[in-house]
Amino acid sequence: MPRPQTIRSMLLSRGPRLSVARAREVAELVLAQPRKAPQLVQCLWNSNPGVANRAADALERASCHRPDLLAPWKDALLGLLAEAAQNKLRWNLALMVPRLKLTKAEIARAVAVLKTYLDDRSSIVKTAAMHGLAGLVLQDPALLPETLDLLRILSRSGTPAMRARGRILLKMLEPGPRTGLYSKKRCADE
């Protein structure tokens, strides 16, 4: 009788390191069987960069629908946010961390790291950092004025992706009638 596949084996791929491979399938599996979430989270620290990247992709997709999946690993994820070097890992963490219930000190820590992401060479990392900063405003409204200023600047001077995302985020955060950051489009892939 064949052994059931582990999350790690599902995330292994002979293709490019940044390929999605079976990340969507893993996300669906973890949503259906949340007890498998620890296996997925453990893969974020895998020595194989492809496994770590696909694990981040799958966890971001799953946590979009079930943010509570991240709660047991809040401290570890905040630590990884600060130390992650791989672009795909960084941009997925930037999207996930605001889904955690954070204290004021943890929010300040996450904001500081996400601001450093704005200096990254990758436009996707920068764009995800903008999204992450906007998401943290929902937990700490005192961040709103500074975040709006930053988004306004990046919406004029950033890459095309940053300008487009900045306009969307500004519409959601600026004073006036708004629907909220996550109400219409919670996930990056929807």
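Every number in this text was worked out from the coordinates using simple rules, so none of it is lab data. Computed from a predicted model, the values in this text were never measured in an experiment. Heads up, the Cβs are rebuilt from the backbone with ideal geometry, glycines too, and the neighbour counts pull from every protein chain shown.
Observations
- Highest average first, the peptides 75-87, 131-143 ordered by how many other beta carbon atoms sit within 10 Å of their residues are 131-143, 75-87.
- Ordering Ile153, Ile107 from the fewest to the most neighbouring beta carbons within 10 Å gives Ile153, Ile107.
- Computed Kirkwood radius, in angstrom, where 1/r is averaged over Cα pairs of the stretch 1-145: 15.3
- Computed FRET value (nearest 0.05) for Ser123 with Ile168, which takes r as the C-beta separation and R₀ as 22 Å: 0.90
- FRET efficiency, Lys36 to Thr159 (Cβ-Cβ, R0 25 Å, nearest 0.05): 0.10
- Straight-distance candidates among the aspartates and glutamates for linking to Lys101, with alpha-carbon spacing under 17 Å and chain neighbours fewer than 8 residues away dropped: Glu60, Asp68, Asp75, Asp140.
- When each of Lys74/Lys115; Lys115/Lys171; Lys74/Lys171; Lys36/Lys126 is checked by Cα-Cα distance, pairs over 23 Å: Lys74/Lys171; Lys36/Lys126
- Among Trp45, Trp91, Trp73, sorting on how many other beta-carbon atoms sit within 10 Å of each Cβ, with the fewest leading, yields Trp45, Trp73, Trp91.
- Relative contact order, whole percent, for the chain stands at 15, derived from Cα pairs under 8 Å and 6 or more residues apart.
- Put in line by how crowded their Cβ is, counting other Cβ atoms within 10 Å and starting with the fewest, Lys88, Lys171 read Lys171, Lys88.
- Principal-axis tilt of helix 104-117 within the chain, Cα atoms, nearest 10 degrees: 90
- Computed helical MRE - 222 nm, the chain, DSSP H runs ≥ 4 contributing -39500 (n - 2.57), nearest 500: -18500 deg cm²/dmol
- Folded to 0 to 90 degrees: helix 74-83 orientation relative to the chain principal axis, Cα: 80
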